[in-house]
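Trainee: Questions regarding the structure given below will be posed in turn.
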Amino acid sequence: MGIKRTYDEINEKIKAGKVVVVTAEEVISMVEEQGVQKVAEEVDVVTTGTFGPMCSSGAFFNFGHPKPRIKMQKVWMNGVPAYTGIAAVDAYLGVNELPEYDPLNSNHPGEFRYGGGHVIEDLLLGKKIKFEAIGYGTDCYPRKKIETYITLDDINEATLFNPRNAYQNYNCAVNLSDRTIYTYMGVLKPNLGNAHYCSAGQLSPLLNDPYYRTIGIGTRIFLGGGIGYVAWHGTQHNPCVPRGENGVPLGGAGTIAVIGDLKQMDARWLRGTSFLGYGSTLTVGLGIPIPILDEDMLRFTAVKDEDIFCPIVDYSEAYPQGTGEILGRVSYAQLKSGKIEINGKEVPTAPLSSYPKAREIANILKDWIKQGKFTLTEPVQSLPGADSGIQSKPLKEV
Amino acid sequence: MTKRIVLRFPSQIVDKPLLYHLVKDFGLMVNVLKANVNPRKEGFMVMELSGETSSYDQGIDFLKKQGVTVEKLAEDIVRDVDRCTHCGHCTSLCPVGALYIIRPSMEVAFDEEKCIVCGLCLKACPVKAIELNFNGR
């Protein structure tokens, strides 16, 4: 039969200071030494973490009305445009957004030193942001221009809302061509000169709950150093991809949309990021607690880097052309060893997602739970699962 | 001839138009690479100076007579450990293994002795945690 736990029971133990929490890294050796059954009886919660570039991120702001009032038609924050097609003094700043004066890739490879992600980091650092807005003037909102300086404290609401985060597995990117290429997977040297991957592997949230049994809408999470929530399944959520025997997808699969109050977050865990020749983004710290409801959940959280495989994809041809061709699969244990073999060649590897920071996040979340500062929430709705039939579609051209 | 040099000048002469004289009086071509010159503070400037050898020498003499210290340019790479996220991107680009990953912790480390200041890591670092340092500045 094995053990059974409920969210309520775990939360009671948290409140009583009796909860047993370990990280997704720690649970691996525990299971190796003591076996699934014994560890499942002992451990109530396993914490996960990831800290990597997450392009589909951004924040909603309400700036408040100046006197006289203005309907903001265009807004710039430190020169970076924010989307204003919502309400009069609201805007959404995407982390990939760049200043209009940025040379982009006109001098290839462009540096993209400042974008929406850097604005968010500067706000969290308490820096003053140059704020500019123009409006066309209406009877109720007559003002046509405003230029001022604001801090995060001056803004009414600042809500981080990231439509796609915490990708469940991802590609290992390489370059088969004879020239260096500049991608969102970093600088890829010619002729299989290097291989880049981007996942915390055995520490990554959705790889520890491969079938989304506990991570769902309403799950309370560590987000950017503060507390956030899973709001929905993320964009490009693609749960029906092939999986290994352990249930772990063999490539990019599930994603989550997350939300939280930016004002309680920390620049340590939301970092403006630049990819040479590609663009700007935000590196996001995210951690999710996984309740050990039964032995199966414990087994999922004990997944090891050597049991998680990702596809090797050529970013000079197969990826940009969307051929779907892969050069093979490789485990995260192989990737983390520093070299892999592709087409008979030894290729050095490097991550883009920080494993040490993922470990730190899992430990912070563990401490929050042990100290009774963070309780677990039961999802109000599950994410579309492996039986949903959902398939990511390419854009049709007619 | 063309040389990359570092100038340091005391606060008393920061208001003097030194570059003007290098160009106007000695016919030298000046390309400023880095400068930190503030009123009433010591000045620091890294430049590429080009011209005929005799003019170059006269220009350097002029600078020294004004109280400027002229040094050969020495560059080194500096890694801001607090800013670094240990993502590891730089490690696969570094041609000499000066930037590398410590296993199994997966933390990024930097061996200054091995660094050849090729600068590949500078532009590639996603969080700009690596800087080029001129003569310790």
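Trainee: Going by the conditions given, is B:Thr85 open to solvent by less than 60 Å² (accessible area, probe 1.4 Å), among the polar types (S, T, N, Q), part of a loop (DSSP other than H, G, I, E, B) and touching a residue at least 12 places away in the same chain (Cβ under 8 Å)?
Mentor: Numbers: open to solvent by less than 60 Å² (accessible area, probe 1.4 Å): yes; among the polar types (S, T, N, Q): yes; part of a loop (DSSP other than H, G, I, E, B): yes; touching a residue at least 12 places away in the same chain (Cβ under 8 Å): yes.
Yes: the conditions hold for B:Thr85.
Trainee: When you scan region B:51-64, do you find a residue that is farther than 25 Å from B:Lys123 by Cβ and in contact with a Lys or Arg (Cβ under 7 Å, 6 or more places away or on another chain), even just one?
Mentor: Taking region B:51-64 and keeping what is farther than 25 Å from B:Lys123 by Cβ, we get B:51-64.
Imposing the further condition that a residue be in contact with a Lys or Arg (Cβ under 7 Å, 6 or more places away or on another chain) reduces the set to none.
Looking through region B:51-64, none of the residues is farther than 25 Å from B:Lys123 by Cβ and in contact with a Lys or Arg (Cβ under 7 Å, 6 or more places away or on another chain).
Trainee: Restricting attention to region B:111-137, report how many residues are farther than 24 Å from B:Lys34 by Cα and at pLDDT 90 or above.
Mentor: 1
Quick grid of which residues meet (1) facing another protein chain (nearest Cβ under 10 Å); (2) more than 30 Å from B:Val23 (Cβ to Cβ):
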{"site": "B:Val37", "(1), (2)": "no, no"}
{"site": "B:Leu63", "(1), (2)": "no, no"}
{"site": "B:Val70", "(1), (2)": "no, no"}
{"site": "B:Leu99", "(1), (2)": "yes, yes"}
{"site": "B:Pro126", "(1), (2)": "yes, yes"}
{"site": "B:Ile130", "(1), (2)": "no, yes"}
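Trainee: Taking into account only those residues within region B:101-121 that are over 20 Å from the mean Cα position of the chain (by Cα) and aliphatic (A, V, I, L, M), which is nearest to the other protein chains (Cβ to nearest Cβ)? Don't jump to the end; show me each part of the working.
Mentor: Taking region B:101-121 as the starting set, the residues that turn out to be over 20 Å from the mean Cα position of the chain (by Cα) are B:101-109.
If we keep only those that are aliphatic (A, V, I, L, M) as well, we get B:101-102, B:106, B:108-109.
Details: B:Ile101: 7, B:Ile102: 9, B:Met106: 4, B:Val108: 8, B:Ala109: 11 Å.
The extreme case among them is B:Met106.
Trainee: Give me the pairs: first residue in region A:321-341 and of a type in the set (S, T, N, Q), second residue in a helix (DSSP H, G or I), beta-carbon distance under 9 Å, and six or more apart or on different chains, which are they?
Mentor: Final answer for the pair search is A:Ser331/A:Gly201; A:Ser331/A:Asp305; A:Ser331/A:Glu306; A:Ser331/A:Asp307; A:Gln334/A:Asp305; A:Gln334/A:Glu306.
Trainee: How many residues are in a loop (DSSP other than H, G, I, E, B) and either open to solvent by less than 30 Å² (accessible area, probe 1.4 Å) or away from every other protein chain (no Cβ under 14 Å) (or both) when one looks only at region B:72-82?
Mentor: Let us first name the residues in region B:72-82 that are in a loop (DSSP other than H, G, I, E, B), namely B:73-74, B:80-82.
Next, from what is left, pick out any that are either open to solvent by less than 30 Å² (accessible area, probe 1.4 Å) or away from every other protein chain (no Cβ under 14 Å) (or both): B:73-74.
Selection size over region B:72-82: 2.
Trainee: Please go through region A:265-280 and give me each residue that is of a type in the set (A, V, I, L, M) and either modelled with pLDDT under 95 or over 16 Å from the mean Cα position of the chain (by Cα) (or both), ordered by number.
Mentor: Step one: list which residues in region A:265-280 are of a type in the set (A, V, I, L, M), which gives A:265, A:267, A:270, A:276.
Selection gives A:Leu276 alone.
Trainee: Please tell me if B:Cys94 is part of a loop (DSSP other than H, G, I, E, B), open to solvent by 20 Å² or more (accessible area, probe 1.4 Å) and either on the phi > 0 side of the Ramachandran plot or within 14 Å of chain A (Cβ to nearest Cβ) (or both).
Mentor: On the way: part of a loop (DSSP other than H, G, I, E, B): yes; open to solvent by 20 Å² or more (accessible area, probe 1.4 Å): yes; either on the phi > 0 side of the Ramachandran plot or within 14 Å of chain A (Cβ to nearest Cβ) (or both): yes.
In short, yes.
Trainee: Six or more apart or on different chains, Cβ under 6 Å: which pairs go from a residue in region A:354-373 that's at the interface with chain B (Cβ under 10 Å from one of its Cβ atoms) to one that's in a helix (DSSP H, G or I) and of a type outside the set (Val, Ile, Thr)? Could you list them?
Mentor: From region A:354-373, the pairs are A:Ala358/A:Leu203.
Trainee: Please specify each residue of region A:114-131 satisfying the condition of being in a loop (DSSP other than H, G, I, E, B) and either in contact (Cβ under 8 Å) with a residue 40 or more places away in the chain or more than 18 Å from A:Ser274 (Cβ to Cβ) (or both).
Mentor: Step one: of region A:114-131, the residues in a loop (DSSP other than H, G, I, E, B) are A:114-115, A:125-128.
Listed by number, the residues that qualify are A:Tyr114, A:Gly115, A:Leu125, A:Gly126, A:Lys128.
Trainee: Determine whether B:Thr85 is over 21 Å from the mean Cα position of the chain (by Cα) and within 30 Å of A:Leu188 (Cβ to Cβ). Even if it seems obvious, please write down each step before you answer.
Mentor: Values: over 21 Å from the mean Cα position of the chain (by Cα): yes; within 30 Å of A:Leu188 (Cβ to Cβ): yes.
So B:Thr85 fits the description; yes.
Trainee: Need at least 1 residues that are within 14 Å of chain B (Cβ to nearest Cβ), within 30 Å of A:Ser106 (Cα to Cα) and out of contact with any His (no Cβ under 9 Å at 6 or more places or on another chain) per element, so show me which strands (runs of 3 or more DSSP E) inside region A:169-287 make the cut, counting only ones lying wholly within it. Spell out how you get there, then give the answer.
Mentor: Values: elements: A:172-174, A:181-183, A:186-188, A:195-197, A:220-223, A:226-233, A:256-261, A:270-275, A:279-287.
The strands (runs of 3 or more DSSP E) meeting that bar are A:181-183, A:195-197, A:270-275, A:279-287.
Trainee: Does A:Val303 satisfy being within 13 Å of chain B (Cβ to nearest Cβ), at pLDDT 95 or above and either crowded, with 23+ Cβ neighbours inside 10 Å or touching an Asp or Glu at 6+ places or on another chain (Cβ under 8 Å) (or both)?
Mentor: Working: within 13 Å of chain B (Cβ to nearest Cβ): no; at pLDDT 95 or above: yes; either crowded, with 23+ Cβ neighbours inside 10 Å or touching an Asp or Glu at 6+ places or on another chain (Cβ under 8 Å) (or both): yes.
No, not satisfied.
Trainee: On to the next question. From the residues in region A:156-178 that are surrounded by fewer than 19 Cβ atoms within 10 Å (Cβ to Cβ) and closer than 19 Å to A:Pro320 by Cα, which one is farthest from the chain's Cα centre (by Cα)?
Mentor: Among those residues, the one meeting the criterion is A:Asp178.
Trainee: In region B:1-57, what count of residues is obtained for those that are in contact (Cβ under 8 Å) with a residue 40 or more places away in the chain and not in a helix (DSSP H, G or I)? Working first, answer last.
Mentor: Filtering region B:1-57 down to residues in contact (Cβ under 8 Å) with a residue 40 or more places away in the chain leaves B:1-10, B:12-13, B:16, B:18, B:21-22, B:33-34, B:36, B:44, B:46-53, B:56.
Add one more test, that the residue is not in a helix (DSSP H, G or I), and what stays is B:1-10, B:16, B:33-34, B:36, B:44, B:46-52.
Count: 22.
Trainee: State the number of residues belonging to region A:208-235 that are under 13 Å from the mean Cα position of the chain (by Cα) and not small (Gly, Ala, Ser).
Mentor: 7
Trainee: Under 6 Å between Cβ atoms, at least 6 apart or on separate chains: pull out the pairs that start in region B:102-131 with a residue that is touching a residue at least 40 places away in the same chain (Cβ under 8 Å) and assigned to a loop (DSSP other than H, G, I, E, B) and end on any residue that is open to solvent by less than 100 Å² (accessible area, probe 1.4 Å) and of a type in the set (A, V, I, L, M).
Mentor: B:Val117/B:Ile77
Trainee: Have a look at A:Ile326, A:Ile312, A:Ile308 and point out the one that is closer than 19 Å to A:Asn238 by Cβ, open to solvent by 60 Å² or more (accessible area, probe 1.4 Å) and among the β-branched types (Val, Ile, Thr). Let's see the steps before the verdict.
Mentor: Numbers: A:Ile312 fails: open to solvent by 60 Å² or more (accessible area, probe 1.4 Å); A:Ile308 fails: open to solvent by 60 Å² or more (accessible area, probe 1.4 Å).
So the residue among A:Ile326, A:Ile312, A:Ile308 that is closer than 19 Å to A:Asn238 by Cβ, open to solvent by 60 Å² or more (accessible area, probe 1.4 Å) and among the β-branched types (Val, Ile, Thr) is A:Ile326.
Trainee: I would also like to ask the following. So if I check each of B:Pro104, B:Pro126, which one is closer than 24 Å to A:Tyr355 by Cβ, open to solvent by 40 Å² or more (accessible area, probe 1.4 Å) and outside the structural domain of B:Leu7 (by TED's automatic domain parsing)? Quick ask: steps written out before the conclusion?
Mentor: Working: B:Pro126 fails: open to solvent by 40 Å² or more (accessible area, probe 1.4 Å).
Just one listed residue meets the conditions, B:Pro104.
Trainee: While we're here: Residue under question is A:Thr47, and the condition is that it be under 27 Å from A:Tyr184 (Cα atoms) and at pLDDT 95 or above; does it hold? It would help to see each step written out before you state the result.
Mentor: Details: under 27 Å from A:Tyr184 (Cα atoms): no; at pLDDT 95 or above: yes.
Against the criterion (under 27 Å from A:Tyr184 (Cα atoms) and at pLDDT 95 or above), A:Thr47 does not qualify.
The values are calculated or read from the model by the stated rules, or taken from the named source; none is laboratory data. Here the structure is a predicted model, which means the values were calculated and not measured. Quick reminder, even Gly has a Cβ in these numbers, built from the backbone with ideal geometry, and neighbours come from all protein chains shown. Just so you know, the surface numbers come from the protein's heavy atoms only, side chains and all, with ligands and any DNA or RNA stripped out. Shrake-Rupley method; radii C 1.70, N 1.55, O 1.52, S 1.80 Å.
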